[in-house]
Amino acid sequence: PEPGCLRAWAAHSQALVGRWMTARCGGEARQMRRQQRDEFRELLLSIRGLPAALPALPLELTVLYNSLLFTMGASDSAIKGEAAGIRQGLLRVLEACGACGQDLGMEELWQKVLQEITVEELQASLHRLGALQAAWWLAAGRLESVAGLFQLLSTAEDLGRAHCSEGQNKLLSMIKAWRVPPEGASLPLVQSAKDLKEILCTAAAFLQGLQELEAGNFPTALSLLQEAAGGFCSKNILAQIYTCLGCCTQRMGKPQTALQHLKRALQVDFQCLPALSHVAAVYHELGETDAEMQALTLLYEALGKNPTAAASSSPCFLMQTELLVHTPVLTSLLRRHHPSEVKYLLAQRCLQDGRVADAVEHYLDFLSLLQEGLQQQVPLDGSSALPRIPEVFLEAASALEQAGRHQDAITVCEEVISRTTDLIPRVLRMEEKLEQPECSLPGAGLAGGLLSQKKESLCCLAWRAAGYLHQGWAWAKLGESKEAVTQFSRCLSDLLRVQLHESGVKQTENLQAEVEVLQKIRLLSLIGRGTQFLELGRHKEALLDFQHSLQISPGDPAAASYLVQALWKLNRKQEAAAQWQKFSQGSPAMDGQQQGQGRPLPLYLVSCLEQAVFPHSEPLARSIQDYLGTAAQDTS
């Protein structure tokens, strides 16, 4: 190109950089990025309109560097794909030196350029372009490619310094050892290579820390994340790093240290709400219910407010750490909860902690959110804290029962019953061999679908039966024993739809949890109906229900106590005393055996289990002991 063209291009480049440096921290900076990007692209096209020539290459590569920075900065999202502009720039360098590399991949192309092109005037521009290439590869998770590139960019002395850093991370050591090329006044940059190096160090430490955290290498992850926290980044990213540090130390079994990191995240950026949700989780792990409730309440209130402008990226910098760090594990750790999820957690924790009045309020608030299209707003990928909606209804019914609002509980359960009625087959057989076959076998998809269908049918059946179970206990509390018997009988009739065969159950390990829940519902319903038969004076029918209860769960203390009471009321006192002696002698062992088996009960069944507890243990025991004492005197 003519010297006049070079001077004009250089002046245009300087003007564009000067305009940006003046306005970059102002309110219009974000709008300027796209305009500046387009103007740099036009300038680059003008330069590339002529054949590649060594005198023009430093300017061309500098304009390319600035143009790519605006391309990144204008996107405001993670960098994706390859940097096509860098490839074209490297090919232009080879062209100017009489070489070619069209068939080479990017790593091979960089190796050829850096090993064969030794023109001193091009080294600074190539190094800056190499740093941009490293940013693209970091964003793609290609850490080995980044390490290989910095090995090419570094001198033997630089590499020696990197190897001397014993115990440090290899990639970080190589980036730190890289010497930033000097910036010429005649070719100004929109962002210095020194800043870019700092960002690369922070991003590399952050990315590797996340990788180690996901792999379970917590001490290494902790070291890398601490390195990232001391790096060059925005408040938003710093808060994210502290949040990850909190998650890491929590998994290391250091909850107090985790709380310190999470609180630091909130101090840095009060809008980092995922940190607040992790705080609540740590308090839950510590059993500090009041603190957990406070954290969840703050989180719910914060989610309900319109967020102000994020304290995230600074408009002063085009290349930022947030553009380079975008991984599934980070997305998972920083997942923003929907307000309804937090509202449910508040309801659930209150119910578990016995704060019944608060639980009722939160559950009713949550159910009202269902009218606002909740299912369209909550992720369905399994990451949500919400259980299935029928289970939430049943938990709400449980809270209402415990609050003495029995009629409301009956109404809520009726909603579950009506919604699940058409989803349950008339007969559900469990004798088929439902083991999940290997995917490579013919019919694997069909068998998997059959298993999933039966699992869903069992869930629907459990929800409907639990609805009748709760209604039975609610009517019992209202003193309507006949209506209670009707609801318990409907529950038991529903459960007859499942034809359980021992061989089938053993073959169906994937359905064992659902089968256990159904058996527990059946046990509680038999006990409940038996208690109401006792209230109605139908002692023989009560006795049969308690006997069936013990067949389902041998040694169950509630069923055993009620059985003794039924025998006593039938004036079969000798049998009652014998059974009482049998169960009282075996109860400690039986209790321990029962507690050690099975899975935790669903929350919606806990209140039913508490209501089934036999309430007259001491009076019955005294009566039987008096009877046994009298019988012993008569015998003597």
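3J(HN,Hα) couplings calculated from phi for the stretch 121-136 with the Karplus curve 6.51 cos²θ - 1.76 cosθ + 1.60 (θ = phi - 60°) are, in sequence order, 5, 9, 4, 4, 5, 5, 5, 5, 5, x, 5, 5, 4, 4, 4, 4 Hz; Gly and Pro show x.
Between Gln371 and Ser186, the simple label model (points 7 Å from Cα in the Cβ direction) yields a spacing of 7.4 nm. Computed extension gain for Glu535 through Glu120, at 0.36 nm per residue and net of the alpha carbon distance, reaches 139.4 nm.
Can you give me the distance in nm between label points at Thr155 and Ala23, each placed 7 Å from the Cα along the Cα-to-Cβ direction? The answer from the label model is 4.1 nm. Protection proxy ranking, highest mean first, for peptides 180-189, 337-346: 337-346, 180-189, where packing is the per-residue count of other beta-carbon atoms within 10 Å, averaged. Holding the Cα-Cα limit at 20 Å, pick out from Lys540/Lys569; Lys343/Lys520; Lys305/Lys343 the pairs that are longer than that. Table pairs above 20 Å Cα-Cα are Lys343/Lys520.
With a cut-off of 16 Å on the backbone N, the residues of the stretch 230-256 near the modelled label site 7 Å out from Gln168 along Cα-Cβ are 230-232.
Across Lys477, Lys197, Lys176, the residue with the most accessible area heads the list, and the full order at a 1.4 Å probe is Lys477, Lys176, Lys197.
Annotation: Leu628 carries an accessible surface of approximately 50 Å², with a 1.4 Å probe and no ligand, DNA or RNA atoms counted. Just in the stretch 175-266: which chymotrypsin sites (Phe, Trp or Tyr not before Pro) are loop by DSSP and have at most 10 other Cβ atoms within 10 Å? Filter output for the stretch 175-266: empty list.
Only protein heavy atoms count here; under a 1.4 Å probe, Tyr562 has an accessible surface of about 20 Å².
Multiplying the residue separation of Gln102 and Gln226 by 0.36 nm and subtracting their alpha-carbon distance yields 40.4 nm.
To make sure I understand the rule: partners must be lysines, Cα under 24 Å from the Cα of Lys112, and not fewer than 8 residues away in the same chain. Which ones qualify? Reachable lysines: Lys170, Lys176, Lys197. Take His362: with every protein chain present and a 1.4 Å probe, its accessible area is about 30 Å².
Accessible surface ranking for Asp408, Asp103, Asp545, 1.4 angstrom probe, highest first: Asp103, Asp408, Asp545. For the stretch 462-479, the Karplus equation 6.51 cos²θ - 1.76 cosθ + 1.60, evaluated at θ = phi - 60°, returns couplings of 5, 5, 5, 4, 5, x, 5, 4, 4, 4, x, 5, 5, 5, 4, 5, 7, x Hz by residue, with Gly and Pro reported as x. What is the calculated FRET efficiency for Gln453 to Glu516, with r their C-beta to C-beta distance and R₀ = 25 Å, to the nearest 0.05? Computed FRET efficiency for Gln453 and Glu516 comes out at 0.80.
Based on Cα atoms of the stretch 1-153, Rg over Rh with Rh as the Kirkwood radius reads 0.97. Potential lengthening of the chain between Gln256 and Glu415 amounts to 52.9 nm, from the contour at 0.36 nm per residue minus the alpha-carbon distance.
Placing Ser46, Ser398 in order of accessible area, with the largest value first and a 1.4 Å probe, yields Ser46, Ser398.
The values are calculated or read from the model by the stated rules, or taken from the named source; none is laboratory data. Since this is a predicted model, take the numbers as computed values, not measurements. Reconstructed Cβ throughout: ideal geometry from the backbone, glycine too, with neighbour counts over all protein chains shown. Calculation scope for accessible area: heavy atoms of the full protein, side chains included, ligands and nucleic acids excluded. Shrake-Rupley method; radii C 1.70, N 1.55, O 1.52, S 1.80 Å.
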